[in-house]
1. Provide the FRET efficiency to the nearest 0.05 for the LYS63-GLU93 pair, computing r from the beta carbons and using R0 = 30 Å.
2. Run the numbers for ALA23 and SER70: contour at 0.36 nm per residue of separation, minus the present Cα-Cα distance, in nm.
3. Under a plain spin-label model, where a point goes 7 Å from the Cα along Cα-to-Cβ, how far apart in nm are GLU41 and VAL135?
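Just so you know, all these numbers are worked out from the coordinates, no wet-lab data involved. No experiment lies behind these values; they were computed from the predicted model shown. Glycine also receives a Cβ, built like all others from the backbone with ideal geometry; neighbour counts cover every protein chain displayed.
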Amino acid sequence: MRKALVPVDGSSNSERAVQHVIALAGTCPAMDVVLLNVQPEIDDWQVRRFLKKEEVEAMEESKGGDALQSARALLDAAGLRYTPQVLIGPVAETIAKAALEHNCDGIVMGTRGLGAVAGALLGSVASQVVHLSDVPVTLIK
């Protein structure tokens, strides 16, 4: 794998996915990483009533940047090249689309994240990404 998309949400599972990519980079030193956090769009009328669209997007971007911090620290310590990105939209669909847009060879992600309802065996986002992605998906437990 030369270019990997690693979606992270700040959970321990997503950190393990980052650590897995770091280990893979040992066999492919020229590996590039796209570090992605996807924030679901806030479409709550009560929020939109008091905040402008730009303010809501700034909050989502800030929250996404916070979720990237621990993964960035791991990649920095390993000396790996990466491109951090925060996107807003439906999580699984946005992950699958980002992998294609960045010409990634694969997606490496945790099986469960910080979602309110974690799946018993496989998180719903991970399951959706497996079904939607046109590139191989490696799930890390």
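1. Details: r = 19 Å, r/R0 = 0.64.
According to the calculation, E is roughly 0.95.
2. Net length gain for the segment: 15.3 nm.
3. Output for this residue pair reads 2.4 nm.
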